[in-house]
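Have a look at the structure below before the remarks.
Nothing in this text is a laboratory measurement; each read-out follows from the coordinates by a stated rule. What you see is a predicted model; the values in this text were computed from it and never measured. Every residue, glycine among them, receives a Cβ derived from its backbone with ideal geometry; neighbour counts consider all protein chains shown.
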Amino acid sequence: MDTKTLRYFCACYETGSLNKASERFYISPQGMGKNINRLEEELGVMLFRRSAAGLAPTRSGDYLYKHSKEMLYRLQDLEIEMKRIDFSRHSRRVGFACGVVRALQAVPSLQPLNRELIGSETVEWTEDFNQNIKDLLLGGKIDTAYIIDHFRSPMVREQKIFETRLCAVVYRGHPLYEKEVLSFEDLQNQKLITLNEKFSIFNSVVTKCQELGFVPQISIRTMESSLIYLFVSRGYGIGIDVNLHASEIVQKDIRCLEIADSIPWAIYAATLKDPGSS
């Protein structure tokens, strides 16, 4: 028994037809039938009852199908992981916190790093929430982490590569629309739209407002920055974001106004220190 024969069997089981199953693999129905016959002979059981209506699985066929699918999925995962391991021997493993890849695409000063990392044949990269990327680095699953804010671990060496301020996304007609710069005090009692608690922006907003003595009125929390601009354009509130999404404000009558007293939004490149280094 080999994996090809098991795939043939599963196709026959799923389609109930030698003709339809053979079409999946570009072989003749006769060739498909011979493979199923050999499998039955090898196992010593009948897997299908044949009739003019097609193939009806026996109890043995049902059992083999259930366990064959599990086995084929595991083999597929094994093949993918082995290829990944082989690729990793010759590549750099990089992790990006959500928002970093967008910054690499949008910020001119980061373009050299963007060309080095994104799309490179020698870089294997993944994107995840900020804390998850930190955990991957500490666990040795990646070689370099590009994260938002400090890592704050004695095991890690980090370097700031970019910093900017948060901005308020304001729709035309709102009283703050004509301002050039805002402060967080301007946002008191305003309905705010932000990314959710998984993102550093949310925590920066809450922290700064608490420092100023009020609780922000966050009416919408989302996982997609593009939705911030959509909801602002519909007048649902003021968005809080990093001004890296110029494409989102085209023809929507909204403006991105810098929040002068916001906690900086910064990208750090972090790597594990060599054992014994200070």
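Here are the numbers for the structure shown:
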read-out: Descending Cα extents along the principal axes, the range 1-72, whole Å; value: 24, 23, 20
read-out: Highest-MSF residue in the chain out of Leu136, Leu104, Leu212 [GNM, Cα springs under 10 Å]; value: Leu212
read-out: Kirkwood Rh in Å, taken over the range 166-261 so that all alpha-carbon pairs contribute; value: 13.0
read-out: Cys residues of the chain counted as unpaired, since no other Cys beta-carbon is under 4.7 Å; value: Cys10, Cys12, Cys98, Cys209
read-out: Computed [θ] at 222 nm, deg cm²/dmol, the chain (DSSP H ≥ 4; -39,500 (n - 2.57); rounded to nearest 500); value: -12500 deg cm²/dmol
read-out: DSSP bridge orientation in the chain - percent antiparallel, rounded to nearest 5; value: 60
read-out: Longest site-free stretch - the chain; sites: GluC sites (Glu not before Pro), DSSP loop, at most 14 other Cβ within 10 Å; value: 1-120
